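Each remark here refers to the structure printed beneath this line.
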Amino acid sequence: MIKRHKARRLHPIYIVFPLFNTVKGLLPLLIITLLQGVNWSSLNGYIYLGILAGVTLLLFAGLWGWRKFSFTLEDDRIVIRKGILFRDEKTIYFGRIHSVNLEQPLLQRLLGVTQVKIETPGGNKKAEGILAALSEQDAKQLHRLLTSTDVQTEAAEQSGDIMHSPIQDLSTTTHVKLSSGQLLLAAATSLNFGLVAAFIAGMISLADDFINELAPNLYSTIYNKSTSLNPDYMFIAIMAVSALALAWLLSLVLYLIKFAGFTAEKRDEQIAISYGILEKKIHHFDAKKVQAVIVQEGLIHQWIGYAQIQLQVVSSDKMERLMLHPFLPKTALQETVAHFVSQFTVNEVTETAPRRAYFDYLWKALLITFFVCAVLIGLFHDRGLWSLILIPVTALWCWSCLSAAGMRLEHGQLTLRKRNLARITYYMRRPQIVSMNISRTRGQQRRQLLSVSAHVLGSLQGYRVFCLERADVERIWRWYSRDKKDN
(Lines give C-alpha, C1' and ligand atoms only; values in the text may rest on other atoms or scores of the structure.)
Protein backbone atom coordinates (compact mmCIF):
# COMPACT_ATOMS: atom_id res chain seq x y z
CA MET A 1 0.00 0.00 0.00
CA ILE A 2 1.29 3.45 -0.96
CA LYS A 3 1.39 5.93 1.94
CA ARG A 4 2.28 9.58 1.97
CA HIS A 5 5.70 10.75 3.22
CA LYS A 6 7.12 7.25 2.92
CA ALA A 7 9.80 6.50 0.33
CA ARG A 8 8.87 3.59 -1.89
CA ARG A 9 10.87 1.53 -4.38
CA LEU A 10 9.79 0.03 -7.65
CA HIS A 11 8.76 -3.60 -7.98
CA PRO A 12 11.83 -5.90 -7.51
CA ILE A 13 11.33 -7.26 -11.03
CA TYR A 14 12.91 -3.96 -12.17
CA ILE A 15 16.27 -5.61 -11.41
CA VAL A 16 16.11 -7.65 -14.63
CA PHE A 17 15.16 -4.68 -16.86
CA PRO A 18 18.76 -3.84 -17.93
CA LEU A 19 19.27 -7.47 -18.95
CA PHE A 20 16.02 -7.65 -20.93
CA ASN A 21 16.64 -4.29 -22.62
CA THR A 22 20.16 -5.36 -23.66
CA VAL A 23 18.85 -8.62 -25.12
CA LYS A 24 16.11 -6.65 -26.93
CA GLY A 25 18.70 -4.35 -28.51
CA LEU A 26 20.81 -7.31 -29.64
CA LEU A 27 17.82 -9.33 -30.85
CA PRO A 28 18.22 -8.56 -34.60
CA LEU A 29 21.90 -9.55 -34.45
CA LEU A 30 21.06 -12.73 -32.53
CA ILE A 31 18.35 -13.75 -35.02
CA ILE A 32 20.60 -13.18 -38.05
CA THR A 33 23.39 -15.12 -36.34
CA LEU A 34 21.07 -18.05 -35.65
CA LEU A 35 19.72 -18.00 -39.23
CA GLN A 36 23.25 -18.17 -40.61
CA GLY A 37 23.98 -21.13 -38.37
CA VAL A 38 26.17 -21.37 -35.31
CA ASN A 39 28.59 -24.19 -34.61
CA TRP A 40 28.09 -24.39 -30.88
CA SER A 41 30.82 -27.00 -30.48
CA SER A 42 33.41 -24.54 -31.80
CA LEU A 43 32.73 -22.03 -29.05
CA ASN A 44 35.31 -22.24 -26.30
CA GLY A 45 34.72 -21.82 -22.61
CA TYR A 46 35.91 -18.21 -22.55
CA ILE A 47 32.93 -17.13 -24.67
CA TYR A 48 30.49 -18.80 -22.29
CA LEU A 49 32.34 -17.26 -19.38
CA GLY A 50 32.10 -13.83 -21.01
CA ILE A 51 28.34 -14.23 -21.55
CA LEU A 52 27.91 -15.27 -17.91
CA ALA A 53 29.97 -12.30 -16.75
CA GLY A 54 27.90 -9.93 -18.90
CA VAL A 55 24.63 -11.29 -17.53
CA THR A 56 25.95 -11.01 -13.96
CA LEU A 57 27.10 -7.43 -14.54
CA LEU A 58 23.71 -6.42 -15.98
CA LEU A 59 21.86 -8.01 -13.08
CA PHE A 60 24.14 -6.23 -10.60
CA ALA A 61 23.54 -2.91 -12.39
CA GLY A 62 19.78 -3.58 -12.22
CA LEU A 63 19.99 -4.34 -8.50
CA TRP A 64 21.98 -1.19 -7.78
CA GLY A 65 19.65 0.94 -9.91
CA TRP A 66 16.62 -0.51 -8.14
CA ARG A 67 18.09 0.30 -4.71
CA LYS A 68 18.88 3.87 -5.77
CA PHE A 69 15.43 4.53 -7.27
CA SER A 70 12.72 5.75 -4.90
CA PHE A 71 9.62 7.94 -4.98
CA THR A 72 7.90 9.77 -2.15
CA LEU A 73 4.32 11.01 -2.18
CA GLU A 74 3.99 14.21 -0.15
CA ASP A 75 1.00 16.48 0.56
CA ASP A 76 1.22 18.48 -2.68
CA ARG A 77 3.89 16.77 -4.77
CA ILE A 78 5.68 13.58 -5.70
CA VAL A 79 9.47 13.42 -5.42
CA ILE A 80 11.42 10.93 -7.55
CA ARG A 81 15.06 10.16 -6.73
CA LYS A 82 17.32 8.00 -8.90
CA GLY A 83 20.85 7.65 -10.20
CA ILE A 84 23.86 5.42 -9.55
CA LEU A 85 26.90 7.57 -10.28
CA PHE A 86 25.01 10.88 -10.41
CA ARG A 87 21.97 11.46 -8.22
CA ASP A 88 18.88 13.02 -9.79
CA GLU A 89 15.94 14.35 -7.79
CA LYS A 90 12.77 15.47 -9.54
CA THR A 91 9.81 17.18 -7.87
CA ILE A 92 6.42 17.24 -9.59
CA TYR A 93 3.65 19.28 -7.98
CA PHE A 94 0.13 17.90 -8.26
CA GLY A 95 -1.11 21.17 -9.74
CA ARG A 96 1.27 20.73 -12.67
CA ILE A 97 0.18 17.19 -13.52
CA HIS A 98 -1.81 17.03 -16.74
CA SER A 99 -2.39 13.28 -16.89
CA VAL A 100 -1.28 10.04 -15.28
CA ASN A 101 -1.09 7.13 -17.73
CA LEU A 102 -0.87 3.45 -16.86
CA GLU A 103 0.90 1.45 -19.55
CA GLN A 104 2.00 -2.11 -20.06
CA PRO A 105 4.60 -2.27 -22.84
CA LEU A 106 5.53 -5.76 -23.95
CA LEU A 107 8.27 -6.23 -21.35
CA GLN A 108 6.09 -5.05 -18.45
CA ARG A 109 3.18 -7.14 -19.72
CA LEU A 110 5.32 -10.29 -19.82
CA LEU A 111 6.61 -9.64 -16.31
CA GLY A 112 3.20 -8.74 -14.85
CA VAL A 113 3.95 -5.14 -13.82
CA THR A 114 2.65 -1.71 -14.87
CA GLN A 115 4.45 1.45 -15.95
CA VAL A 116 3.20 4.81 -14.64
CA LYS A 117 3.86 7.93 -16.73
CA ILE A 118 3.26 11.36 -15.19
CA GLU A 119 2.71 14.03 -17.84
CA THR A 120 3.04 17.78 -17.31
CA PRO A 121 2.56 20.65 -19.79
CA GLY A 122 5.75 21.66 -21.57
CA GLY A 123 7.59 18.57 -20.44
CA ASN A 124 10.69 17.07 -22.00
CA LYS A 125 10.71 14.62 -24.90
CA LYS A 126 9.87 11.89 -22.41
CA ALA A 127 7.26 12.05 -19.68
CA GLU A 128 8.21 14.19 -16.70
CA GLY A 129 8.04 11.23 -14.34
CA ILE A 130 8.28 7.54 -15.27
CA LEU A 131 7.90 4.71 -12.76
CA ALA A 132 8.82 1.76 -14.96
CA ALA A 133 7.68 -1.13 -12.75
CA LEU A 134 4.92 -1.14 -10.15
CA SER A 135 2.48 -3.85 -9.25
CA GLU A 136 -0.91 -3.38 -10.88
CA GLN A 137 -2.50 -2.69 -7.50
CA ASP A 138 0.09 -0.05 -6.53
CA ALA A 139 -0.08 1.58 -9.96
CA LYS A 140 -3.85 1.98 -9.75
CA GLN A 141 -3.69 3.33 -6.22
CA LEU A 142 -0.94 5.78 -7.11
CA HIS A 143 -3.07 7.04 -9.98
CA ARG A 144 -5.94 7.71 -7.59
CA LEU A 145 -3.67 9.51 -5.14
CA LEU A 146 -2.18 11.71 -7.86
CA THR A 147 -5.46 12.67 -9.53
CA SER A 148 -8.09 12.54 -6.78
CA THR A 149 -9.45 15.78 -5.34
CA ASP A 150 -11.56 14.03 -2.68
CA VAL A 151 -9.61 14.09 0.58
CA GLN A 152 -11.84 11.53 2.25
CA THR A 153 -11.36 9.10 -0.60
CA GLU A 154 -7.61 9.54 -0.41
CA ALA A 155 -7.63 8.98 3.33
CA ALA A 156 -9.69 5.83 2.91
CA GLU A 157 -7.27 4.53 0.30
CA GLN A 158 -4.28 5.18 2.53
CA SER A 159 -5.94 3.31 5.38
CA GLY A 160 -6.59 0.35 3.10
CA ASP A 161 -10.42 0.64 3.01
CA ILE A 162 -10.45 1.27 -0.75
CA MET A 163 -8.23 -0.69 -3.06
CA HIS A 164 -9.85 -0.84 -6.49
CA SER A 165 -8.94 0.22 -9.99
CA PRO A 166 -9.52 3.89 -10.85
CA ILE A 167 -12.19 2.82 -13.32
CA GLN A 168 -13.92 0.19 -11.23
CA ASP A 169 -14.44 2.33 -8.16
CA LEU A 170 -15.99 5.20 -10.11
CA SER A 171 -19.65 5.27 -11.12
CA THR A 172 -19.17 5.72 -14.83
CA THR A 173 -21.45 8.24 -16.49
CA THR A 174 -20.30 7.67 -20.10
CA HIS A 175 -18.96 4.49 -21.64
CA VAL A 176 -18.16 3.48 -25.22
CA LYS A 177 -16.67 0.20 -26.35
CA LEU A 178 -15.49 -1.19 -29.66
CA SER A 179 -17.24 -4.51 -30.32
CA SER A 180 -15.48 -7.40 -32.06
CA GLY A 181 -17.45 -6.78 -35.24
CA GLN A 182 -16.67 -3.06 -35.25
CA LEU A 183 -13.00 -3.78 -34.55
CA LEU A 184 -12.75 -6.23 -37.46
CA LEU A 185 -14.58 -3.89 -39.86
CA ALA A 186 -12.43 -0.96 -38.77
CA ALA A 187 -9.24 -2.98 -39.25
CA ALA A 188 -10.37 -4.21 -42.68
CA THR A 189 -11.08 -0.66 -43.90
CA SER A 190 -8.11 1.17 -42.32
CA LEU A 191 -5.15 0.45 -44.57
CA ASN A 192 -2.13 2.34 -43.19
CA PHE A 193 0.44 2.33 -46.01
CA GLY A 194 3.09 4.14 -43.96
CA LEU A 195 2.92 1.72 -41.04
CA VAL A 196 2.88 -1.29 -43.36
CA ALA A 197 5.81 0.01 -45.42
CA ALA A 198 7.90 0.61 -42.28
CA PHE A 199 7.03 -2.84 -40.93
CA ILE A 200 7.84 -4.61 -44.21
CA ALA A 201 11.11 -2.70 -44.60
CA GLY A 202 12.14 -3.67 -41.10
CA MET A 203 11.23 -7.31 -41.65
CA ILE A 204 13.10 -7.47 -44.97
CA SER A 205 16.15 -5.84 -43.42
CA LEU A 206 16.00 -8.26 -40.50
CA ALA A 207 15.38 -11.41 -42.55
CA ASP A 208 17.34 -10.61 -45.69
CA ASP A 209 19.66 -13.57 -45.22
CA PHE A 210 16.69 -15.83 -44.50
CA ILE A 211 15.01 -14.74 -47.78
CA ASN A 212 18.21 -15.45 -49.70
CA GLU A 213 18.30 -18.95 -48.25
CA LEU A 214 14.71 -19.75 -49.26
CA ALA A 215 14.60 -17.89 -52.60
CA PRO A 216 18.10 -16.84 -53.65
CA ASN A 217 16.95 -15.49 -57.02
CA LEU A 218 13.77 -13.72 -55.88
CA TYR A 219 14.95 -10.13 -56.31
CA SER A 220 16.71 -10.75 -59.62
CA THR A 221 13.67 -12.62 -60.97
CA ILE A 222 11.33 -9.75 -60.13
CA TYR A 223 13.70 -7.24 -61.75
CA ASN A 224 14.22 -9.29 -64.92
CA LYS A 225 10.51 -9.97 -65.35
CA SER A 226 9.66 -6.26 -65.05
CA THR A 227 12.42 -4.89 -67.33
CA SER A 228 12.69 -7.49 -70.07
CA LEU A 229 11.67 -6.65 -73.66
CA ASN A 230 8.83 -9.16 -73.39
CA PRO A 231 7.72 -8.80 -69.82
CA ASP A 232 5.56 -11.42 -68.18
CA TYR A 233 2.58 -9.20 -67.39
CA MET A 234 0.80 -12.00 -65.57
CA PHE A 235 3.78 -12.44 -63.24
CA ILE A 236 3.95 -8.68 -62.61
CA ALA A 237 0.20 -8.51 -61.96
CA ILE A 238 0.35 -11.44 -59.54
CA MET A 239 3.25 -9.84 -57.65
CA ALA A 240 1.42 -6.49 -57.47
CA VAL A 241 -1.81 -8.07 -56.24
CA SER A 242 0.12 -10.22 -53.76
CA ALA A 243 1.94 -7.15 -52.42
CA LEU A 244 -1.34 -5.25 -51.95
CA ALA A 245 -2.96 -8.26 -50.29
CA LEU A 246 0.01 -8.66 -47.95
CA ALA A 247 -0.06 -4.95 -47.09
CA TRP A 248 -3.79 -5.12 -46.35
CA LEU A 249 -3.37 -8.24 -44.21
CA LEU A 250 -0.49 -6.72 -42.24
CA SER A 251 -2.44 -3.52 -41.72
CA LEU A 252 -5.43 -5.52 -40.47
CA VAL A 253 -3.32 -7.54 -38.01
CA LEU A 254 -1.44 -4.49 -36.69
CA TYR A 255 -4.72 -2.61 -36.23
CA LEU A 256 -6.27 -5.51 -34.31
CA ILE A 257 -3.21 -5.75 -32.05
CA LYS A 258 -3.23 -2.03 -31.36
CA PHE A 259 -6.94 -1.38 -30.70
CA ALA A 260 -8.20 -4.71 -29.32
CA GLY A 261 -10.15 -4.21 -26.10
CA PHE A 262 -10.73 -0.51 -26.79
CA THR A 263 -12.87 1.26 -24.18
CA ALA A 264 -13.41 4.90 -23.31
CA GLU A 265 -15.05 5.94 -20.04
CA LYS A 266 -15.83 9.21 -18.30
CA ARG A 267 -16.97 10.20 -14.86
CA ASP A 268 -17.37 13.86 -14.02
CA GLU A 269 -14.48 15.44 -15.96
CA GLN A 270 -12.06 12.50 -15.90
CA ILE A 271 -11.63 10.45 -19.09
CA ALA A 272 -10.03 7.00 -19.18
CA ILE A 273 -9.08 5.36 -22.50
CA SER A 274 -7.60 1.85 -22.69
CA TYR A 275 -6.62 -0.43 -25.57
CA GLY A 276 -3.99 -2.89 -26.81
CA ILE A 277 -3.03 -6.57 -26.65
CA LEU A 278 0.77 -6.78 -26.69
CA GLU A 279 1.19 -3.30 -25.25
CA LYS A 280 -1.76 -2.25 -23.16
CA LYS A 281 -2.19 1.46 -22.55
CA ILE A 282 -4.54 3.27 -20.17
CA HIS A 283 -4.68 7.06 -20.52
CA HIS A 284 -6.28 9.19 -17.79
CA PHE A 285 -6.75 12.92 -18.22
CA ASP A 286 -9.08 15.80 -17.47
CA ALA A 287 -11.61 16.57 -20.21
CA LYS A 288 -11.17 20.29 -19.57
CA LYS A 289 -7.53 20.02 -20.64
CA VAL A 290 -8.33 18.80 -24.14
CA GLN A 291 -6.95 21.37 -26.58
CA ALA A 292 -8.67 20.31 -29.80
CA VAL A 293 -10.88 17.61 -31.30
CA ILE A 294 -9.83 16.05 -34.61
CA VAL A 295 -12.29 14.05 -36.71
CA GLN A 296 -10.62 12.02 -39.44
CA GLU A 297 -12.41 10.24 -42.28
CA GLY A 298 -10.47 7.88 -44.50
CA LEU A 299 -11.64 7.33 -48.06
CA ILE A 300 -13.43 4.07 -47.29
CA HIS A 301 -14.68 5.30 -43.92
CA GLN A 302 -16.14 8.42 -45.49
CA TRP A 303 -17.87 6.29 -48.11
CA ILE A 304 -19.49 3.95 -45.55
CA GLY A 305 -20.31 6.77 -43.10
CA TYR A 306 -17.73 6.22 -40.34
CA ALA A 307 -15.00 8.36 -38.78
CA GLN A 308 -12.48 8.37 -35.95
CA ILE A 309 -12.22 10.95 -33.17
CA GLN A 310 -8.86 12.05 -31.79
CA LEU A 311 -8.16 14.42 -28.92
CA GLN A 312 -5.18 16.77 -28.88
CA VAL A 313 -3.78 16.78 -25.36
CA VAL A 314 -0.77 18.34 -23.69
CA SER A 315 2.02 15.84 -23.07
CA SER A 316 5.76 15.34 -23.42
CA ASP A 317 5.09 14.13 -26.95
CA LYS A 318 3.95 17.32 -28.67
CA MET A 319 2.29 15.34 -31.45
CA GLU A 320 0.31 13.05 -29.17
CA ARG A 321 -3.32 12.60 -30.11
CA LEU A 322 -5.36 10.25 -28.00
CA MET A 323 -7.94 8.14 -29.78
CA LEU A 324 -11.37 8.83 -28.32
CA HIS A 325 -12.96 6.39 -30.76
CA PRO A 326 -11.32 4.70 -33.78
CA PHE A 327 -14.48 3.71 -35.66
CA LEU A 328 -17.70 5.60 -34.99
CA PRO A 329 -20.78 6.20 -37.18
CA LYS A 330 -20.86 9.82 -38.28
CA THR A 331 -24.39 10.09 -36.97
CA ALA A 332 -23.02 9.51 -33.44
CA LEU A 333 -20.17 12.04 -33.63
CA GLN A 334 -22.06 14.94 -32.06
CA GLU A 335 -23.46 12.85 -29.22
CA THR A 336 -20.11 11.23 -28.39
CA VAL A 337 -18.18 14.49 -28.40
CA ALA A 338 -20.88 16.17 -26.32
CA HIS A 339 -20.63 13.44 -23.67
CA PHE A 340 -16.84 13.36 -23.41
CA VAL A 341 -15.73 16.94 -24.22
CA SER A 342 -18.85 19.03 -23.94
CA GLN A 343 -17.00 22.28 -24.56
CA PHE A 344 -16.68 21.30 -28.24
CA THR A 345 -19.42 21.10 -30.84
CA VAL A 346 -19.28 18.94 -33.96
CA ASN A 347 -20.60 20.91 -36.91
CA GLU A 348 -20.12 21.16 -40.65
CA VAL A 349 -18.11 23.89 -42.34
CA THR A 350 -20.12 26.75 -43.78
CA GLU A 351 -17.46 28.62 -45.78
CA THR A 352 -15.59 26.53 -48.36
CA ALA A 353 -12.59 27.28 -50.55
CA PRO A 354 -13.59 29.07 -53.79
CA ARG A 355 -13.13 27.46 -57.18
CA ARG A 356 -10.57 30.06 -58.23
CA ALA A 357 -8.21 28.47 -55.67
CA TYR A 358 -8.02 25.26 -57.76
CA PHE A 359 -4.82 26.37 -59.50
CA ASP A 360 -3.06 26.75 -56.13
CA TYR A 361 -3.96 23.17 -55.21
CA LEU A 362 -3.10 21.82 -58.64
CA TRP A 363 0.21 23.22 -59.86
CA LYS A 364 2.59 21.70 -57.31
CA ALA A 365 0.96 18.27 -57.53
CA LEU A 366 1.11 18.40 -61.34
CA LEU A 367 4.81 19.25 -61.30
CA ILE A 368 5.51 16.20 -59.15
CA THR A 369 3.30 14.04 -61.37
CA PHE A 370 5.03 15.24 -64.56
CA PHE A 371 8.42 14.45 -63.02
CA VAL A 372 7.30 10.94 -62.00
CA CYS A 373 5.87 10.29 -65.47
CA ALA A 374 9.08 11.50 -67.13
CA VAL A 375 11.19 9.18 -64.97
CA LEU A 376 8.94 6.18 -65.67
CA ILE A 377 8.86 6.87 -69.41
CA GLY A 378 12.65 7.21 -69.43
CA LEU A 379 13.06 3.88 -67.64
CA PHE A 380 10.37 1.81 -69.35
CA HIS A 381 9.90 3.69 -72.68
CA ASP A 382 6.57 2.74 -74.30
CA ARG A 383 5.35 0.90 -71.24
CA GLY A 384 6.06 3.98 -69.17
CA LEU A 385 3.37 5.86 -71.13
CA TRP A 386 0.83 4.15 -68.88
CA SER A 387 2.02 6.51 -66.15
CA LEU A 388 0.27 9.40 -67.95
CA ILE A 389 -2.96 8.18 -66.38
CA LEU A 390 -1.62 9.76 -63.18
CA ILE A 391 -2.26 13.24 -64.63
CA PRO A 392 -6.10 13.10 -64.65
CA VAL A 393 -6.00 11.19 -61.35
CA THR A 394 -3.94 14.02 -59.83
CA ALA A 395 -6.33 16.63 -61.21
CA LEU A 396 -9.32 14.83 -59.69
CA TRP A 397 -7.54 14.42 -56.37
CA CYS A 398 -6.68 18.12 -56.19
CA TRP A 399 -10.31 18.96 -56.91
CA SER A 400 -11.31 16.69 -54.03
CA CYS A 401 -8.85 18.52 -51.75
CA LEU A 402 -10.28 21.86 -52.84
CA SER A 403 -13.85 20.68 -52.23
CA ALA A 404 -12.96 19.49 -48.71
CA ALA A 405 -11.25 22.74 -47.62
CA GLY A 406 -13.39 25.02 -45.50
CA MET A 407 -14.00 26.73 -42.16
CA ARG A 408 -16.65 27.78 -39.71
CA LEU A 409 -16.58 30.31 -36.90
CA GLU A 410 -19.41 30.13 -34.40
CA HIS A 411 -19.96 30.49 -30.65
CA GLY A 412 -16.27 30.84 -29.80
CA GLN A 413 -15.22 27.75 -31.75
CA LEU A 414 -13.14 27.63 -34.91
CA THR A 415 -13.66 24.70 -37.28
CA LEU A 416 -11.12 24.02 -40.03
CA ARG A 417 -11.36 21.21 -42.58
CA LYS A 418 -8.96 19.91 -45.23
CA ARG A 419 -8.00 16.74 -47.05
CA ASN A 420 -4.68 14.94 -47.27
CA LEU A 421 -5.30 11.26 -47.91
CA ALA A 422 -8.15 11.43 -45.40
CA ARG A 423 -10.56 14.28 -44.76
CA ILE A 424 -9.63 15.94 -41.47
CA THR A 425 -11.72 18.38 -39.45
CA TYR A 426 -10.24 20.37 -36.55
CA TYR A 427 -12.38 21.86 -33.77
CA MET A 428 -10.72 24.48 -31.53
CA ARG A 429 -11.88 26.86 -28.83
CA ARG A 430 -10.48 30.37 -28.61
CA PRO A 431 -8.75 29.95 -25.17
CA GLN A 432 -6.75 26.94 -26.42
CA ILE A 433 -5.34 28.64 -29.54
CA VAL A 434 -1.88 29.93 -28.64
CA SER A 435 -0.94 31.34 -32.04
CA MET A 436 -2.40 31.94 -35.47
CA ASN A 437 -0.67 32.59 -38.76
CA ILE A 438 -2.11 34.08 -41.97
CA SER A 439 -0.11 33.65 -45.18
CA ARG A 440 -0.41 34.17 -48.93
CA THR A 441 1.64 34.23 -52.12
CA ARG A 442 1.55 37.04 -54.67
CA GLY A 443 -0.75 35.03 -56.89
CA GLN A 444 -3.07 34.28 -53.99
CA GLN A 445 -3.08 37.95 -53.07
CA ARG A 446 -4.29 38.89 -56.57
CA ARG A 447 -7.07 36.30 -56.31
CA GLN A 448 -8.08 37.47 -52.81
CA LEU A 449 -7.08 34.20 -51.15
CA LEU A 450 -5.48 33.54 -47.76
CA SER A 451 -4.23 30.46 -45.92
CA VAL A 452 -4.75 30.11 -42.17
CA SER A 453 -2.88 28.07 -39.59
CA ALA A 454 -3.94 27.75 -35.94
CA HIS A 455 -1.65 26.33 -33.27
CA VAL A 456 -2.95 24.93 -29.97
CA LEU A 457 -0.99 23.95 -26.89
CA GLY A 458 0.28 20.41 -27.27
CA SER A 459 0.59 20.40 -31.08
CA LEU A 460 3.97 20.63 -32.76
CA GLN A 461 2.50 21.79 -36.07
CA GLY A 462 -0.41 24.09 -36.70
CA TYR A 463 -3.74 23.04 -38.17
CA ARG A 464 -3.56 24.59 -41.62
CA VAL A 465 -6.02 25.09 -44.48
CA PHE A 466 -4.97 26.57 -47.82
CA CYS A 467 -6.56 29.23 -49.98
CA LEU A 468 -9.80 30.28 -48.33
CA GLU A 469 -11.71 33.46 -49.09
CA ARG A 470 -9.83 36.49 -47.83
CA ALA A 471 -12.92 37.90 -46.10
CA ASP A 472 -13.46 34.63 -44.19
CA VAL A 473 -9.86 34.40 -43.01
CA GLU A 474 -9.81 38.07 -41.99
CA ARG A 475 -12.92 37.41 -39.89
CA ILE A 476 -11.03 34.59 -38.14
CA TRP A 477 -8.13 36.95 -37.48
CA ARG A 478 -10.38 39.65 -35.99
CA TRP A 479 -12.04 37.01 -33.79
CA TYR A 480 -8.67 35.73 -32.60
CA SER A 481 -7.53 39.28 -31.93
CA ARG A 482 -10.59 39.65 -29.65
CA ASP A 483 -12.36 42.20 -31.80
CA LYS A 484 -15.76 42.70 -30.17
CA LYS A 485 -17.45 43.08 -33.53
CA ASP A 486 -16.90 39.37 -34.30
CA ASN A 487 -18.10 36.40 -32.22
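A Förster radius of 30 Å combined with the Cβ-Cβ distance from I300 to L379 puts the calculated FRET efficiency at roughly 0.40.
Solvent exposure of the stretch 368-416 amounts to 56 Å² per residue of accessible area, where only protein heavy atoms count and the probe is 1.4 Å. Surface composition of the stretch 46-98: carbon plus sulfur atoms contribute 66% of the solvent-accessible area (1.4 Å probe, protein chains only, all chains present). Once the piece of chain linking V241 and S481 is laid out straight, how much longer is it, given 0.36 nm per residue of separation minus the C-alpha distance between them? Extending this stretch completely gives an extra 81.0 nm. Backbone amide hydrogens, once placed in the peptide plane, bring E74 within less than 5 Å of H5, V79, excluding anything fewer than 5 places away on its chain. Largest accessible area first, the residues L111, L367 order themselves as L367, L111 under a 1.4 Å probe with ligands, DNA and RNA left out. Computed extension gain for S135 through L110, at 0.36 nm per residue and net of the alpha carbon distance, reaches 7.7 nm. If you sort D286, D75, D88 by accessible surface, 1.4 Å probe, largest first, the order is D75, D88, D286. Computed about the Cα centre, the dipole magnitude for the stretch 298-396 is approximately 220 debye when only Lys and Arg (+1) and Asp and Glu (-1) carry charge, each at its Cβ. Rolling a 1.4 Å probe across all protein chains gives V346 an accessible area of roughly 30 Å². The distance between label points at V55 and K68 comes to 2.5 nm (points 7 Å beyond Cα on the Cα→Cβ vector).
Average accessible surface for the stretch 57-102: 57 Å² per residue, computed with a 1.4 Å probe over protein heavy atoms with every protein chain in place. The modelled label-to-label distance between S180 and Q448, using points 7 Å beyond Cα along the C-beta direction, is 5.9 nm. Only protein heavy atoms count here; under a 1.4 Å probe, R81 has an accessible surface of about 70 Å².
Express in Å², to the nearest 10, the accessible area of Y93 obtained by rolling a 1.4 Å probe over the protein heavy atoms while all chains stay in place. It works out to around 100 Å².
For the set R87, R321, solvent exposure ranked by accessible area (probe 1.4 Å, protein chains only) runs largest to smallest as R87, R321.
The values are calculated or read from the model by the stated rules, or taken from the named source; none is laboratory data. Please read these numbers as outputs of a predicted model, since none were measured by experiment. Neighbour counts run over all protein chains shown; Cβ positions are idealised from the backbone, glycine included. With ligands, DNA and RNA removed, areas are computed over all heavy atoms of the protein, side chains included. Shrake-Rupley method; radii C 1.70, N 1.55, O 1.52, S 1.80 Å.
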